[in-house]
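> Here it is, the structure, as structure tokens.
None of the figures in this text is laboratory data; all of them are computed from the coordinates on show. Worth saying up front: this structure is predicted, and the values here are computed from it rather than measured. Note: ideal-geometry Cβ built from the backbone for every residue, glycine included; neighbour counts use all protein chains shown.
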Amino acid sequence: QVQVVESGGGLVQAGGSLRLSCAYSGSIFSINFMGWYRQGPGNQRDLVAGITRGGITSYTDSVKGRFTISRENAKNTVYLQMNNLKPEDTAVFYCAVNTRTGRHWGQGTQVTVSS
């Protein structure tokens, strides 16, 4: 079993910043990928940023240059630093951890960007 818990969401004005945290625990020895996803109202859940076991990062085009994914292995935590936030970034953000047993999701954290 893998447990995933997100934190750090909230309300911010356009142009502001937030940092999301994702703490994972349990059977994490086979983690091969960690990702941040978002789901806006009426939209599907899409991958925003990801980081592989080897530290390779990837981003969807709309957040390149504004969002940064990082990890702190000693704390079993993945972060998403979000700068220059836009109203269209408003969504529930989910963290997911991929292991050999599947993808494990957190409960999500709301990010609301006001104009």
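> Given the Cα-Cα distance of Ser115 and Ser7 and 0.36 nm per residue of separation, how much length would full extension add, in nm? It would help to have the intermediate numbers written out before the result.
On the way: separation 108, 0.36 × 108 = 38.88 nm, distance 2.28 nm.
Extending this stretch completely gives an extra 36.6 nm.
> Tell me the net charge near Ser30. Cut-off is 11 Å between Cβ atoms, Ser30 excluded, with +1 for each Lys or Arg and -1 for each Asp or Glu. Don't skip to the end; give the middle numbers.
Working: positive: Arg53, Arg100; negative: none.
Charge balance near Ser30 sits at +2.
> With +1 on each Lys and Arg Cβ and -1 on each Asp and Glu Cβ, how big is the dipole of the chain about its Cα centre, in debye rounded to the nearest 20? Write down the numbers at each step before the final one.
Numbers: 11 positive and 6 negative charges, 50 e Å.
For the chain, the charge dipole is close to 240 debye.
> Can you pull the three principal axis extents for the Cα set of segment 56-104, in Å, largest first?
35, 21, 17
> Sticking with this structure for a sec: What is the magnitude of the charge dipole of segment 59-106 about its Cα centre, with +1 placed on the Cβ of each Lys and Arg, -1 on the Cβ of each Asp and Glu, and no other charges, expressed in debye to the nearest 20?
Details: 7 positive and 4 negative charges, 41 e Å.
Approximately 200 debye in magnitude.
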